[in-house]
Amino acid sequence: MKIVEKSDNHDDQSAIFLSEYLLDLNSGAGFLSGLNDFDQAKVRKAGSRRLIKKGEGLFFQGDPHTGIWIVEKGRMRSFYTAPSGRELTLAYWTPGHFVGGPEVFGRGRHVWSGDALEDSELLFLSGMALRDLVGEIPAVALKIIDGLVAKGNCYSALIQMLGTRTVSERLEQLLVILASTHGRHDGDAIVIDRSITYEQVASIVGASRQWVTQSLDKLQKEGVLDISRHQITIFDIERLSEGQ
């Protein structure tokens, strides 16, 4: 498995969601970077800046759609809350992606929520402003389509993983994804700087925090990985990739 060296800049990080296809994780990124300077300026003029603090909610399940937010710095989470109060994380979105769909033109109600994983900077485009931009700039329409296709693939992949993989297999696949998107080689091992908590892992794979703790402890005892306060070191990526 090839691990791409990552810089310390969070802007270089890939989106994260449960998927069998690692190359698809960052599809749909580059909303603004795919436009020429003139069109970028028009988009920015039509939008408004939003700063959001770590842990702050951006939009909420059941609220009316108002438009989309393009992530420029930081990371955002999309998640669904069941009637019981249990949360399932759908995806982590990084710079270049937009959140707030699928009703990008401001119709209907949100079927999930979004909050900030860290202090973030966003560009908000109202549904009306976005509709005008799509009519005026064909490249914006193409970027919206690219983003919606990527999100459709994301949620299709999530459904497939939840429906066909055991929770243990989902945990192992998440570790493979983190190794691919956030890992760096250290000899024969792969080191992942820990920016994700056990609670967050549990919310992604659909398990309890206690189960995640026990499962990771088991993998440590088997010599597959080691977990410290700041890092996850994977010694046997092939063991985690079995059956992928």
Query raised in the report: Roughly speaking, what is the stretch gain from Thr233 to Lys53, that is 0.36 nm per residue apart minus the C-alpha to C-alpha distance, in nm to one decimal?
Result: 61.8 nm
Query raised in the report: If the chain between Asp146 and Ala189 were fully stretched, how many nm would it gain, using 0.36 nm times the residue separation less the Cα-Cα distance?
Result: 11.9 nm
Query raised in the report: Which length gain, in nm to one decimal place, applies between Gln214 and Phe60 when the Cα-Cα distance is subtracted from 0.36 nm times their residue separation?
Result: 52.2 nm
Report task. Taking all protein chains together and a probe of 1.4 Å, list Lys218, Lys151, Lys54 from the most accessible to the least accessible. Result -> Lys54, Lys218, Lys151
Query raised in the report: In square angstrom, rounded to the nearest 10, how much accessible surface does Glu136 have for a 1.4 Å probe?
Result: 100
Query raised in the report: Taking a label point 7 Å from the Cα of Val167 along the Cα→Cβ vector, which residues of segment 202-244 have an amide N closer than 18 Å to it?
Result: 202-220
Requested in this report: On the protein heavy atoms, probe 1.4 angstrom, tell me the percent of accessible surface of the chain carried by carbon and sulfur.
Outcome: 52
Query - Accessible area in the full protein assembly, largest first, 1.4 Å probe, for Arg49, Arg131, Arg239, Arg229 - result: Arg229, Arg49, Arg131, Arg239
**Report entry** Cross-link pairs beyond the 27 Å C-alpha cut-off, checked among Lys53/Lys151; Lys45/Lys143; Lys73/Lys143; Lys53/Lys221; Lys42/Lys73; Lys151/Lys221
**Finding:** Lys53/Lys221; Lys151/Lys221
Report summary line: From most to least accessible, 1.4 Å probe, no ligand or DNA/RNA atoms counted, Ile204, Ile227 line up as Ile227, Ile204
Requested in this report: Could you check the simple spin-label distance between Glu20 and Arg131, using points 7 Å along Cα→Cβ, in nm with one decimal?
Outcome: 4.0
Query raised in the report: Relative contact order for segment 132-214 using alpha-carbon pairs under 8 Å, separation at least 6, rounded to a whole percent?
Result: 17
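The values are calculated or read from the model by the stated rules, or taken from the named source; none is laboratory data. This is a predicted model, so every value here is computed, not measured. Positions of Cβ are generated from backbone atoms using ideal geometry, with glycine treated the same way; all protein chains shown enter the neighbour counts. For accessibility, only protein heavy atoms count, side chains too; no ligands or nucleic acids. Shrake-Rupley method; radii C 1.70, N 1.55, O 1.52, S 1.80 Å.
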